Amino acid sequence: MGKSDKKKAYSRNASKEQRAAYLFLIPAFLGLSLITYIPLLATFIMSFFNMNVGHFVKNSTLPPPQFVGLANFIDIFTNPSIDFLNSIKVTIYFALLAVAGSIIYSLFIAMLLNRTMPARGFFRAIFYVPYILPAAAVMISWWFLLQYDGGLINYILVRLGLEKSYFLANSSTAIPSLAVIAIWTSGNLIVIFLAGLQNVPRVYHEAADIDGATALQRFWNITIPCMTPIIFYNLLLSLVVNLQVVVPALAVTKGGPGKSTMFMSYLMYQTGFRGRELGKAGAIAFIFFIVAAIFAFILFATSKSWIFYEGKDDRK
């Protein structure tokens, strides 16, 4: 068989593989389109109209939705009763605390659970269970624990000779308290870190041990670089989840005290379903999408400078 025949055969095989790939991608594409892209487009269009929940009720007597242009966007930024800028601030504040804490906590626990120890499987399950518990039940349980009067945490603080704290009832401690709860429920990140730690080549640690490297040096110069792709994935996963936080406000705080936990997702719910102003809720949702996209872009843009892939020297 000549070179031209080989090229033709290779081209035919490549075309078949491409057709098969496109065929198998159809369900994923349809799912993304129906669940993500089309609703996102519909929300963007809705944000330019004065719409009410009643417009979706059969035989509604309301006048048809009116096109208002950028009025909804202007209103959410200028209306003191909405206070959208505060909502952006508290959401980002919570997300940064929860993401940083979850990554550090999960990696630390994963390294402990990666060691040879009795009942290792049991302890792995114990740390994973908070992640699979119903989110609302977790929040309500922690709310009881953090009560100023009768709460177990404050009881322990008093027994230790420390002052009681209002935790969720104080605007300055509400977000840090909720971030601690989010960190406690990051069992999925622990599992992912465990999988990554088991794939770190032991030969690197053995060579460093022979050269006299300390445990801290091996951790910083071997474990962390080899784990950077896993760290990046967990950072992205945790960022997306914590920016969309809504359960604490729905289940416990109701956006308070004051507006210290008025997260963007909860503000969308309040505006769209309680206030019945779907146009303004759509505007909030679209700005929310932009904020999340900016953080994701920053994470991807900076990833090439610190992610290490084994077997690759270039970081282009």
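The values are calculated or read from the model by the stated rules, or taken from the named source; none is laboratory data. Just so you know, these numbers come straight off a predicted model, no measurement behind them. Cβ coordinates were reconstructed from backbone atoms using ideal geometry, including for glycine residues, and neighbour counts include every protein chain displayed. Heads up: the accessible areas ignore ligands, DNA and RNA and are worked out on the full protein's heavy atoms, side chains in. Shrake-Rupley method; radii C 1.70, N 1.55, O 1.52, S 1.80 Å.
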Exercise. Among the residues of the stretch 169-210, how many are under 17 Å from S102 (Cα atoms) and either among the aromatic types (F, W, Y) or part of a helix (DSSP H, G or I) (or both)?
Worked result: 21
For this session: With the condition kept exactly as written, say whether any residue in the stretch 186-198 is touching a residue at least 60 places away in the same chain (Cβ under 8 Å), surrounded by fewer than 12 Cβ atoms within 10 Å (Cβ to Cβ) and either of a type in the set (S, T, N, Q) or under 21 Å from S260 (Cβ atoms) (or both).
Result: yes
Problem set entry | All positions within the stretch 46-65 that are surrounded by fewer than 14 Cβ atoms within 10 Å (Cβ to Cβ) and either part of a loop (DSSP other than H, G, I, E, B) or at pLDDT 90 or above (or both) | V57, K58, N59, S60, T61, L62, P63, P64
Problem set entry | the stretch 66-107 - residue that is among the β-branched types (V, I, T) and in a loop (DSSP other than H, G, I, E, B) and, of those, farthest from A292 (Cα to Cα) | V68
For this session: Would you mind stating whether A213 is outside any helix (DSSP H, G or I) and of a type in the set (A, V, I, L, M)?
Result: yes
Exercise. Looking at this structure, is S171 open to solvent by 40 Å² or more (accessible area, probe 1.4 Å) and within 30 Å of A296 (Cβ to Cβ)?
Worked result: yes
Exercise. Got a sec? Which of S165, S171 is among the polar types (S, T, N, Q) and under 25 Å from V240 (Cα atoms)?
Worked result: S171
For this session: Report, by residue number, each residue of the stretch 222-263 that is in contact (Cβ under 8 Å) with a residue 12 or more places away in the chain, over 19 Å from I183 (Cβ atoms) and of a type in the set (V, I, T).
Result: I222, T223, T228
